Amino acid sequence: MMKLTERQKEAATTIGKNLCVSAGAGTGKTSVLVSRFLHLVKRELAKAQEILAITFTEKAAQEMKRRIASELASERLESARRELENAYIGTIHAFCARILK
């Protein structure tokens, strides 16, 4: 897992409010979102299927899901890793289409 800056750690661990992570390419947005997802799941603050994680590209969404699955597997959190199959990690476009359907 990437080492986060203090500001990124704050975004990853802030509880009690929704966050929008916005920054330029290559600045660690995906790492922050992965860390936030893992923070919530590991501390049992939310189940994987209760978290909405959206990004702009399918490539970023797939990378996010792959990193989360890898981290959960390495920490032997198998039930959380299985729950990841029902988690909504995708693009903003797919999420909006899902709402409209």
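Computed quantities for the displayed model
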read-out: Residue within the stretch 44-56 that is in contact with a strand residue (DSSP E or B) (Cβ under 9 Å, 6 or more places away or on another chain), under 20 Å from Glu6 (Cα atoms) and not charged (D, E, K, R) present; value: no
read-out: Test: residue in the stretch 68-81 that is crowded, with 17+ Cβ neighbours inside 10 Å and more than 17 Å from His39 (Cβ to Cβ); value: no
read-out: Leu45 vs. criteria open to solvent by 40 Å² or more (accessible area, probe 1.4 Å) and at pLDDT 90 or above; value: yes
read-out: Members of the stretch 48-64 that are surrounded by 13 or more Cβ atoms within 10 Å (Cβ to Cβ), under 15 Å from Phe95 (Cβ atoms) and touching a helix residue (DSSP H, G or I) at 6+ places or on another chain (Cβ under 7 Å); value: Ile51, Ala53, Ile54, Thr55, Ala60, Met64
read-out: Where a residue in the stretch 77-94 is without any contact (Cβ under 8 Å) to a residue 60 or more places away in the chain and its partner, wherever it lies, is open to solvent by less than 70 Å² (accessible area, probe 1.4 Å) and of a type outside the set (A, V, I, L, M, F, W, C), with Cβ under 6 Å and at least six apart; value: Ile89/Lys65
read-out: Residue selected from the stretch 61-79 under the condition modelled with pLDDT of 90 or more and hydrophobic (A, V, I, L, M, F, W, C), by the criterion farthest from Ser31 (Cα to Cα); value: Ala73
read-out: Residues being open to solvent by less than 80 Å² (accessible area, probe 1.4 Å) and within 18 Å of Glu75 (Cβ to Cβ) - total across the stretch 1-32; value: 4
read-out: Ala94 being open to solvent by less than 80 Å² (accessible area, probe 1.4 Å), over 12 Å from the mean Cα position of the chain (by Cα), at pLDDT below 90 and of a type outside the set (Ser, Thr, Tyr); value: no
read-out: Tally of residues being aliphatic (A, V, I, L, M), out of contact with any Lys or Arg (no Cβ under 7 Å at 6 or more places or on another chain), assigned to a loop (DSSP other than H, G, I, E, B) and without any contact (Cβ under 8 Å) to a residue 60 or more places away in the chain across the stretch 1-55; value: 8
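The values are calculated or read from the model by the stated rules, or taken from the named source; none is laboratory data. None of the values given here were measured: they were computed from a predicted structure. For neighbour counting, all protein chains shown are included, and Cβ atoms are generated from backbone atoms with ideal geometry for every residue, glycine included. Note: areas computed on protein heavy atoms with side chains; ligands, DNA, RNA excluded. Shrake-Rupley method; radii C 1.70, N 1.55, O 1.52, S 1.80 Å.
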